[in-house]
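Beneath this line is the structure, given in structure tokens, with notes to follow.
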Amino acid sequence: MKVFDLQSLVRPSIAKVKPYSSARDEFHGQALVYIDANENPNPTAFNRYPDPHQVALKQRLSEIKQVPKDQLFIGNGSDEVIDLMLRAFCEPGRDQIIVAQPTYGMYAVSASINNVEVISVNLEENYDINVPALLSRASDKAKIIFLCSPNNPTGNALSKGKVIQLLQQFQGLVVVDEAYIDFSDDVSFVPYLSQYPNLVILQTLSKAWGLAGLRLGIGIASPAIIKILNRIKPPYNISSVSQEQALKALANESRTRTWISEIVKERKRLEKELLASPTVKKVYPSNANFLLVKVEAARALYQHLVEQGIVVRDRSEVVLCEGCLRITVGTPHENDLLLQAWRQFLAPH
Ligand SMILES: *Cc1c(COP(=O)(O)O)cnc(C)c1O
């Protein structure tokens with residue numbers, strides 16, 4: 001087996017990039033007068049550039065995630081981290097990524113935007129990964145495998161042993177997107193980082209932390225990988241508003257814990273109630289804050305719900321999700337409204 005060699009995976013042009021050095025990079029410490037960044041000196045709440053390295057936010061995330069600061073990258077949403085991974089490691093027009101489908105759409109979209117070919121390999125019937133199928137498609141051009149666990153839109157966590165087989169046998173990077181990890185019975189892959197230098201974990205403040213509007217995604221990986229992402233990111237990618245508001249929210253961990261347990265409890269209630277409905281063929285087991293539900297007449301049910309003012313996600317055209325709707329767990333009241341509208345579909349008169 002070849003030894004994992006990160007430097008040989010980096011695009012040669014990226015390895016040569018001399019990063020932009022901001023005014024705040026060149027001076028550290030406290031000064032009396034800041035006239036180094038062409039900012040407007042008049043104090044609005046936002047006249048200064050934000051901290052390009054998000055030191056305070058990383059410090060807090062480091063405590064919460066139990067990960068050293070130099071293994072954390074903060075992106076303008078996970079979507080920025082996905083894009084930077086592609087830009088760092090995949091040569092446009094030549095390299096490939098492998099995606100286990102069905103999954104989150106942004107891996108393939110971001111690859112297409114970067115002119116990186118997407119190799120799609122279907123999950124198994126139970127939505128777990130097919131390791132031999134994934135590895136059989138992995139040529140030298142395949143630089144990254146994107147996995148999502150718990151997976152969107154199927155809701156299941158991938159089997160840990162299979163992901164580890166990929167980490168051991170694939171010569172490129174393995175991204176495990178844990179956007180929904182806070183809702184999961186399964187534990188994070190974070191403890192495996194020290195063992196697998198090719199592991200990159202994505203998390204986000206958009207789901208359990210309730211901060212989707214701030215756009216804060218987190219990359220967790222070896223210091224060497226984080227260093228590469230830092231070299232190519234836009235210098236001020238996280239606004240001062242996002243950094244401040246995130247710190248405020250992260251101070252209240254117990255509020256998030258309460259939300260998570262309420263959402264998981266409601267997920268279980270929804271699952272039970274939906275299973276009792278004759279239009280439901282299957283509710284897939286979920287470790288996330290949503291349910292994938294196979295129904296009779298998915299499109300008609302979707303339309304009916306929209307007419308009742310309730311929007312779910314129609315996934316009925318997605319590979320292996322035929323006839324399925326994806327339903328995010330709402331507040332208890334919102335879930336009651338969904339169930340009420342759902343029953344009306346069965347008995348419209
Ligand atoms: C919601 C979601 C995210 C979050 O993306 P952000 O850009 O951080 O809001 C990431 N991955 C998956 C699979 C998701 O479903």
- request: Examine the stretch 41-60 for a residue that is closer than 14 Å to Ile232 by Cβ and open to solvent by less than 50 Å² (accessible area, probe 1.4 Å), and state whether such a residue exists.
  value: yes
field: Options Asn126, Asn122: the member that is open to solvent by 40 Å² or more (accessible area, probe 1.4 Å), over 23 Å from Val81 (Cα atoms), touching a strand residue (DSSP E or B) at 6+ places or on another chain (Cβ under 8 Å) and touching a residue at least 12 places away in the same chain (Cβ under 8 Å)
entry: Asn122
- request: For the stretch 228-258, name all the residues that are in contact (Cβ under 8 Å) with a residue 12 or more places away in the chain, over 21 Å from Phe46 (Cβ atoms) and of a type in the set (D, E, K, R).
  value: Arg231, Glu253
Count - residues of the stretch 193-220 that are touching a residue at least 24 places away in the same chain (Cβ under 8 Å), more than 15 Å from Leu9 (Cα to Cα) and within 16 Å of the ligand (Cβ to nearest atom): 18
- prompt: Does at least one position in the stretch 136-152 carry a residue that is open to solvent by 40 Å² or more (accessible area, probe 1.4 Å), under 18 Å from the mean Cα position of the chain (by Cα) and without any contact (Cβ under 8 Å) to a residue 12 or more places away in the chain?
  reply: no
Segments classed as strands (runs of 3 or more DSSP E), wholly inside the stretch 132-239, with at least 2 members that are touching a Phe, Trp or Tyr at 6+ places or on another chain (Cβ under 9 Å), at pLDDT 95 or above and farther than 17 Å from Asp79 by Cα: 142-148
- prompt: Do we find a residue being in a helix (DSSP H, G or I) and either at pLDDT below 95 or of a type in the set (S, T, N, Q) (or both) anywhere in the stretch 42-64?
  reply: yes
- prompt: So is Val295 β-branched (Val, Ile, Thr), under 23 Å from Ala208 (Cβ atoms), under 29 Å from the mean Cα position of the chain (by Cα) and at pLDDT 95 or above or not?
  reply: no
message: So in the stretch 70-103, with the set limited to residues that are within 22 Å of His53 (Cβ to Cβ) and not in a helix (DSSP H, G or I), which one is farthest from the ligand (Cβ to nearest atom)?
response: Leu72
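The values are calculated or read from the model by the stated rules, or taken from the named source; none is laboratory data. Bear in mind that the values here come from a model prediction, so they are computed numbers and not experimental data. Counting neighbours? That spans all protein chains shown, and the Cβs are built from the backbone with ideal geometry, glycine included. Quick note on the areas: whole protein, heavy atoms, side chains included, nothing else; ligands and nucleic acids left out. Shrake-Rupley method; radii C 1.70, N 1.55, O 1.52, S 1.80 Å.
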